[in-house]
Amino acid sequence: MTMLEVQSLGKIYTGRFGGNQVRALSNVSFSVEKGEYVAIMGESGSGKTTLLNILAALDKPTSGKVILEGRDLSAIKEDELAAFRRDSLGFVFQDFNLLDTFNLRDNIFLPLVLAGKGYGEMAERLQPIAQKMGITEVLTKYPYECSGGQKQRAAVARAVITEPKILLADEPTGALDSKSSDGLLDLFASLNREGQTILMVTHSVKAASHAGRVLFIKDGELFHQIYRGDSTNEQLYQKIADTLTLLATGGREHE
Amino acid sequence: MNKHLYARLAARNLRKNARSYGPFILAGALTVAMFTIILSLSVDAGLQSMTGAVTIQLVMRYGVVVVALFAVIFLFYTNSFLIKRRKREFGLYNVLGLEKKHLAKVITFETLYVAALSLALGLAAGLALNKLMMLLVAKILGVEAPLGFTVGPRMLLWVLGVTAALFGAIYLAIFLYSVRQVYVARPVELLQSEHAGEREPKARWLMALIGLACLGAGYYIAITTTDVLQAIFLFFVAVVLVIIGTYLLFTAGSVALLKLLRNNKRYYYKTRHFTAVSGMMYRMKQNAVGLANICILSTMVLVMISGTSCLMLGMEQSLRTGYPYDVNIPRSNEATIAMVKKAVADAGIPAENETEYDYITFTAYQRPDGLETTRDYTLDTSASLCDVLVVDLADYNRCTGQDYTLGPDEILLKTERTDHDRDTLELLGKTYTVKERVKPMVKSGELTFNLTTSWYIVVSDKAELERLARATYEAPNAAQGGDMTVGEARYLLGRYYGFDVPGHDDETALRARLAIRQAWNQAAEDGSVDLAGTYEIRAWERQDFVSLYGSLFFLGMFLGLLFTMAAILIIYYKQMSEGRDDRERFQIMQKVGMSRGEVKKTIHAQVLIVFFLPLVTAGVHTGFAFPILNRVLALFNLAGTNFYVWCVLGTFGAFAALYAVVYALTARTYYKLVST
């Protein structure tokens with residue numbers, strides 16, 4: 001069953017006075033099946049973040065459409081959008097985006113409180129997730145008191161506590177040391193094994209090598225994709241690295 | 001390195017930070033201008049030639065001190081705020097290779113530019129506005145101002161010198177503080193310092209409770225102090241308590257309250273309360289002192305302007321109570337009054353509404369059953385101190401047009417600012433029966449400027465009045481005149497003579513004064529008349545009143561303006577820093593699933609609370625200050641409560657409107673910062 005379908009997506013940024021048009025995305029199409037773990041790779045400025053923002057309904061495409069579980073995102077009214085985002089999507093960002101005015105527990109509760117859930121239900125939902133993320137001990141601490149890994153795991157907890165249809169991750173290991181990165185990627189893999197659909201944008205080969213499928217994007221266009229098949233993480237890592245080399249040394253000639 | 005580099009860097013920094021340094025320079029210039037004006041008013045030759053010049057200059061000199069103190073605190077505070085905001089920028093320069101001594105050079109140039117601009121603009125504005133202010137003061141004081149500069153060139157130079165020296169010193173202190181801030185910090189700290197303030201605030205319960213107690217005590221004093229003599233002293237006690245209370249409650253109390261709310265899980269985990277409570281906690285942590293400053297400044301503005309404008313607007317009422325007739329001759333005798341009548345008639349001035357009556361006045365202590373004249377005066381008994389005026393029935397009936405009759409032991413009674421609830425009154429060894437409490441009374445300015453309660457007593461006849469006059473001398477340790485001989489008693493039995501001139505014309509009244517003065521001096525010289533008492537002409541006294549109330553009024557407005565400016569600047573800076581901090585939160589909340597509208601509404605509500613909290617608190621403070629101020633104003637014969645109510649409401653309305661306009665204007669800067 002298709003969870004997410006992206007159809008010939010295009011995005012053009014226009015300068016303030018109409019001139020200076022920048023094409024951030026052009027004719028991007030792909031789909032993500034339910035329970036899939038997809039990584040999107042590309043250099044800085046390749047259009048990854050634009051793509052993710054459109055998928056998150058934070059930005060609007062200039063052409064094409066995004067369909068999540070059969071629902072066209074562009075058809076959702078502005079005032080329903082926030083609620084939709086809250087209920088159907090989970091986000092993990094590179095810089096965690098935890099509010100420094102809340103302790104970790106309240107940060108995790110934030111989307112549930114916004115959805116109007118009672119305290120009892122929230123506490124009940126939090127307990128297994130916190131345990132899984134290994135942050136039960138630091139729940140009452142504030143972001144400035146926690147390590148990057150703890151913060152990112154709290155951010156993941158916040159993203160999955162609403163049981164979203166799809167988890168969108170934007171460079172989630174970008175601000176973490178290698179040990180924390182490994183921990184987080186294992187966490188993602190285990191979430192995926194339990195059926196969580198994940199779409200991750202990254203330029204870390206290591207992060208991408210945990211995914212089931214890797215899409216490559218360059219200059220706003222979808223360039224290539226690799227399926228894991230039966231490969232181990234290490235084999236996938238090698239394949240990705242090869243593709244990236246190809247991309248960097250003028251992949252167009254082989255297109 | 002290139003010598004001009006630092007100068008150029010400093011200029012570039014100021015331009016880049018124009019949003020924060022522009023208002024700082026403007027505020028500095030305005031403070032300089034205000035100081036120049038008040039300083040030159042205090043030495044102005046034109047003012048010195050006015051009637052009541054001594055009073056005016058005393059008030060102006062007081063103003064100079066206040067403005068100078070204000071300038072030091074205000075400019076220093078604002079600068080420390082700006083430097084704190086810029087630590088990151090300094091850290092970046094440091095990392096890029098500018099040593100601390102280089103940074104110090106940049107700051108030197110920056111401070112020089114700021115000081116030069118502020119002083120130049122301020123002195124220019126001060127000189128330009130000086131004449132206007134002079135005319136305004138003259139207008140308020142009701143005199144014609146001489147044209148042209150009344151401050152001579154030497155005086156002018158002196159004024160400019162003093163201003164430059166004072167503000168030079170202030171900016172030097174500011175410079176030293178800024179350099180110190182850079183020197184004590186390490187580069188990494190400089191880079192991170194803006195995030196250092198993000199620790200969760202601790203709830204300081206003891207502080208919050210002390211604050212509550214201080215505020216409560218201040219309010220309690222303000223409401224319960226009924227004795228006017230104590231009111232003046234206690235007013236300052238109350239002011240200090242309320243200021244302490246305000247600071248503690250804004251800093252510790254607000255956080256404590258929010259923590260209480262947060263601990264209540266059913267309240268806290270609601271969509272509307274969740275972000276508001278935690279957001280407010282951080283806002284209060286960062287802004288509490290600034291908000292308390294705004295609150296105190298606003299309260300001062302409100303009290304000052306409403307108080308002084310009440311004095312000014314109520315001056316005529318105050319004069320009429322103190323000097324009931326155009327011409328008043330109190331504590332006099334028949335011979336003197338005959339001389340005055342003749343002098344006035346000879347000058348061709350017709351006397352209208354003539355009144356003449358015998359009376360005595362003395363001081364006593366109020367007891368439940370009567371008046372006590374033997375106790376020694378001490379401050380703790382002042383609560384029951386009273387001034388007593390006694391007339392006899394015949395004079396009373398004649399002067400007031402009443403038709404009362406009294407038995408030998410009966411009296412009529414009228415009390416002001418106190419009550420006597422028994423039917424008898426013991427007075428100087430005799431118990432009188434209070435036949436009736438009356439409203440109309442002989443007009444006398446004798447008791448009205450006193451700090452005490454007023455008692456008017458009407459006795460049955462002249463003989464009784466004389467008996468009382470003698471008794472006041474014979475009473476051991478009598479509050480007044482105890483050591484005088486009986487032979488001098490007749491001076492105590494005074495005679496009041498008062499009349500109006502046609503149309504209450506000031507010029508005629510002053511002409512009458514001249515005639516009376518001439519006759520009086522003549523008689524004093526040749527001893528032809530047994531002189532007693534004094535002469536008080538309302539038109540003449542008014543000039544004294546005008547110079548005192550007028551200069552107080554001017555100063556009230558002047559300082560009010562200055563403080564308002566300070567409050568506005570603090571509001572502006574608060575908005576800016578809030579805007580920067582909120583930007584990040586705004587974005588995160590949107591990503592986590594709040595709609596743009598919801599986020600805007602949440603933030604808007606918090607900002608609104610933060611900025612109108614000081615105004616509301618200032619309003620409450622002013623409200624509680626009302627009873628005690630009203631009592632102090634009663635000393636100035638402004639007993640009419642309604643009058644002061646209108647002054648306070650008017651001032652508050654105008655101030656609130658100004659505050660709202662400033663808020664609306666600065667809110668635009670705020671939303672620009674948040675939404676970009």
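The values are calculated or read from the model by the stated rules, or taken from the named source; none is laboratory data. Because the structure is predicted, anything quoted here is derived from the model rather than measured. With ideal geometry, Cβ positions are generated from the backbone for all residues, glycine too; neighbour counts draw on all protein chains shown. Side chains included, ligands, DNA and RNA excluded: accessible areas come from the protein's heavy atoms. Shrake-Rupley method; radii C 1.70, N 1.55, O 1.52, S 1.80 Å.
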How shielded is B:590-601 by partner chains, expressed as the average number of their Cβ atoms within 10 Å of its Cβ atoms? 6
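For the stretch A:117-209, with all protein chains present and a 1.4 Å probe, just round the carbon and sulfur fraction of the accessible area to a whole percent. Before the final figure, lay out the partial values.
Values: 1700 of 3680 Å².
On the stretch A:117-209, the fraction of accessible area on carbon and sulfur atoms equals 46 percent.
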Taking the alpha-carbon centroid of each part, what is the distance from the stretch A:1-52 to the stretch B:604-622 in angstrom? 47
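Just want to confirm a number: the relative contact order over the stretch B:17-142, from Cα pairs under 8 angstrom separated by 6+ residues, in percent.
Numbers: 80 pairs, mean separation 61.4, N = 126.
Relative contact order here is 49 percent.
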Once you place label points 7 Å from the Cα toward the Cβ at residue B:236 and residue A:1, how far apart are they in nm? 8.1
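Report, as an integer, the average count of C-beta atoms from other chains found within 10 Å of each Cβ along A:141-147.
On the way: counts 1, 3, 1, 5, 2, 0, 0.
Shielding by partners across A:141-147 averages 2.
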Fraction of antiparallel bridges per DSSP, chain A only, in percent to nearest 5: 55
Between residue A:34 and residue B:668, what FRET efficiency follows from the Cβ-Cβ distance if R0 is 51 Å, with the result rounded to 0.05? 0.60
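For chain B, give the share of DSSP beta bridges that are antiparallel, in percent and rounded to the nearest 5; count only bridges with both residues there. Spell out each step's value before the answer.
Details: 29 of 42 bridges.
Antiparallel bridges: around 70 percent, rounded to the nearest 5.
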Please determine, in degrees from 0 to 90 and to the nearest 10, the orientation of helix B:100-141 with respect to the longest principal axis defined by the Cα atoms of chain B, where the helix direction is its Cα long axis. 30
Lysines whose Cα lies under 22 Å from that of residue B:430, excluding same-chain neighbours fewer than 8 positions away: B:414, B:462
Could you work out [θ]222 nm for chain A from helices alone, using -39500 (n - 2.57) per DSSP H run of at least four and dividing by all its residues? Round to the nearest 500 deg cm²/dmol. -11500 deg cm²/dmol
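So with the 1.4 Å probe, I'd like the accessible area per residue for the protein assembly as shown, rounded to whole Å². Present the calculation step by step, with values, prior to reporting the outcome.
Details: 41810 Å² over 931 residues.
Computed with neighbouring chains in place, this is 45 Å² per residue.
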Using only Cα atoms, tell me the angle between helix B:3-16 and the longest principal axis of chain B; keep it within 0 to 90° and round to the nearest 10. 70
What percent do you get for the relative contact order of chain B when only Cα pairs under 8 Å and 6+ apart count? 19
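Per 0.36 nm of contour for each residue apart, how much would the distance between residue B:335 and residue B:434 grow if the chain were fully extended, relative to their Cα-Cα spacing?
On the way: separation 99, 0.36 × 99 = 35.64 nm, distance 3.38 nm.
Value of the extension gain: 32.3 nm.
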With Cα coordinates, the longest principal axis of chain B makes an angle with the long axis of helix B:53-96, in degrees rounded to 10, of 10
Can you give the accessible area buried between chains B and A, summed over both chains, with a 1.4 Å probe, in Å² to the nearest 100? 2400
So residue B:92 and residue B:642, fully extended at 0.36 nm per residue minus their Cα-Cα distance, gain in nm 192.0 nm
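Could you give the length gained by full extension between residue B:346 and residue B:265, i.e. 0.36 nm per residue of separation minus their alpha carbon distance, to one decimal place?
On the way: separation 81, 0.36 × 81 = 29.16 nm, distance 9.00 nm.
Value of the extension gain: 20.2 nm.
Structure shown: which of B:105/B:672; B:265/B:601; B:16/B:672; A:179/A:239; A:151/A:179 lie over 25 Å apart, alpha-carbon to alpha-carbon?
Values: B:105/B:672 33 Å; B:265/B:601 23 Å; B:16/B:672 17 Å; A:179/A:239 23 Å; A:151/A:179 14 Å.
The pairs that break the limit, which is 25 Å between Cα atoms, are B:105/B:672.
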Can you compute the helix-only [θ] at 222 nm over chain B? Use -39500 (n - 2.57) per DSSP H run of at least 4 residues, normalise by all residues, nearest 500 deg cm²/dmol. -24000 deg cm²/dmol
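How would you order B:587-598, A:89-100, B:31-42 from highest to lowest mean count of nearby Cβ atoms within 10 Å? Intermediate values should be presented prior to the final figure.
Numbers: B:587-598: 19.2, A:89-100: 22.1, B:31-42: 25.4.
My ranking of the peptides, most packed first, is B:31-42, A:89-100, B:587-598.
Quantify how strongly other chains surround peptide A:99-111 by giving the mean number of their Cβ atoms within 10 Å of each of its Cβ atoms. Spell out each step's value before the answer.
Working: counts 9, 10, 13, 5, 2, 0, 0, 7, 2, 0, 3, 8, 3.
Partner Cβ neighbours, averaged per residue: 5.
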Where labels lie 7 Å past Cα in the beta-carbon direction, separation of residue A:238 and residue B:413 in nm: 11.5
Cross-link pairs beyond the 18 Å C-alpha cut-off, checked among A:132/B:591; A:141/A:165; B:84/B:285; B:285/B:574: A:132/B:591; A:141/A:165
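Which of the peptides A:227-235, B:278-286, B:167-175 is most tightly packed, and how do the rest follow, judged by the mean count of other Cβ atoms within 10 Å per residue?
My ranking of the peptides, most packed first, is B:278-286, B:167-175, A:227-235.
Lys pairs in the stretch A:1-93, Cα-Cα under 16 Å, at least 8 apart or on separate chains: how many? Working shown, then result.
Values: A:11/A:48; A:11/A:60; A:11/A:65; A:48/A:60; A:60/A:77; A:65/A:77.
For the stretch A:1-93, qualifying lysine pairs total 6.
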Leaving ligands and nucleic acids out of the surface, order B:241, B:117, B:291 by accessible area at 1.4 Å, largest first. B:117, B:241, B:291
Identify all aspartates and glutamates with a Cα-Cα distance to residue B:139 below 16 Å; exclude those on the same chain that are fewer than 8 residues away in sequence. B:44, B:544
From the Cα centre of the stretch B:204-269 to that of the stretch B:432-447, the distance in Å is 44
Sequence ranges A:71-80, A:185-194, ranked by mean other-Cβ count within 10 angstrom, highest first: A:185-194, A:71-80
